[in-house]
Each structure stands twice: as C-alpha cells, then as structure tokens.
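Here's the structure we're looking at; comments come further down.
Please treat every number below as a calculation from the coordinates, not as lab data. For clarity, every value in this text was computed on a predicted model and none was experimentally measured. FYI the Cβ positions are ideal-geometry reconstructions off the backbone, even for glycines, and counts take in every protein chain you see.
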Amino acid sequence: MTDPSVGDLLDGYRLTDVVSRGGMATIFKAIDTRSGATVALKVPYLQYEIDVVSFARFEREEKIGRSVLHPNVVRVLEAGEKSRPYLVMEYVEGTPLSAILRDQGRLSSGAALDVARQVCDALACLHGEGIVHRDLKPRTSS
C-alpha cells in the first residue's frame, strides 16, 4: 500500500489537488463522486496510521472537528476507514494568509485587526470547549 496521490479514487472521493502536506498527513481537494460536492480529505501518511499515539491524535481531531461549530473552524463531515483512515472536511476556498503576506507585504492595520479578531474568535470558541490548538500558522497545513 502507498500514500494516495492526485487522480486516485479513495472510497468514492476523487483526489483532484494537493492543498497542503504537513508532518503527519496530506490534505487533498477532492470530489465526492456520489454527490459531486467538493470536500477536503485529510489522509495520514502510512507510517502514522500504524503508530498508536499518532492515530489517537487523528481520532481526537475527528471528534473535535465534528463537535465544534464556528465559522472560522473547518468542520469534519465524516471519517472514512474502508480502505484506510481519512477525514472528510468542508472545503474552504481561499488564499492562505502566508500567500497574501508574500504577495502584498504587510497588511493594513484594519486588515490585520480583522484577521486577528477572526483567529481570536475561533480560539476562544475552542478554548471554551477545553481545546488547545497547538499548530497555528498563517499557511494551510495538516
């Protein structure tokens, strides 16, 4: 078994693009072949599927992603386990903050405050649920 790649079909989801690659997983843009909906699929690398601690973290992420409802927190729609573990998440169209900063340079005070307010709102929601986000950064990642 190998890690999936663009073009593969994973339990009814056609992987169309790589959104990001992180230390433990790849996030793909995908099409649900049953409904036609665009979703994001987070697929852990094979070596982490068999690691008990890493897999427990992945399962916690699923539980949190299903329970937290906030406009600035990506929702987990379902978890797949037929061919291998993965999370089906809402796909959010947009530009990573890191790309905006790279292309435009420093944000205006108003824009920076708006971004900070949205991040703080999301973090306050998570903290209210007893969740500490330990991997916050201005780029897309897993």
Run down 109, 83, 98 and say which single residue is of a type in the set (Ser, Thr, Tyr), surrounded by 11 or more Cβ atoms within 10 Å (Cβ to Cβ) and over 20 Å from residue 24 (Cα atoms).
98
Screening 84, 134 for residues that are without any contact (Cβ under 8 Å) to a residue 60 or more places away in the chain and charged (D, E, K, R) leaves only 134
Step by step: first the residues of region 91-107, then only those that are farther than 17 Å from residue 71 by Cα and of a type in the set (S, T, N, Q), then the one that is nearest to the chain's Cα centre (by Cα). Which residue is that?
98
Per the filter on region 1-23, residues over 12 Å from the mean Cα position of the chain (by Cα) and under 20 Å from residue 62 (Cβ atoms) are 3, 4, 10, 11, 12, 13, 15, 23
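If I filter region 5-21 down to residues being touching a residue at least 40 places away in the same chain (Cβ under 8 Å) and surrounded by 16 or more Cβ atoms within 10 Å (Cβ to Cβ), which single residue comes out as nearest to residue 81 (Cα to Cα)?
We begin by selecting, within region 5-21, every residue touching a residue at least 40 places away in the same chain (Cβ under 8 Å); these are 10-11, 13, 19-21.
Pick out the ones that are also surrounded by 16 or more Cβ atoms within 10 Å (Cβ to Cβ) and you get 10, 13, 19.
Details: 10: 10, 13: 13, 19: 21 Å.
Restricting to residues being touching a residue at least 40 places away in the same chain (Cβ under 8 Å) and surrounded by 16 or more Cβ atoms within 10 Å (Cβ to Cβ), the top hit is 10.
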For residue 60, the lone unmet condition from (1) among the basic types (Lys, Arg); (2) under 14 Å from the mean Cα position of the chain (by Cα); (3) surrounded by 13 or more Cβ atoms within 10 Å (Cβ to Cβ) is (3)
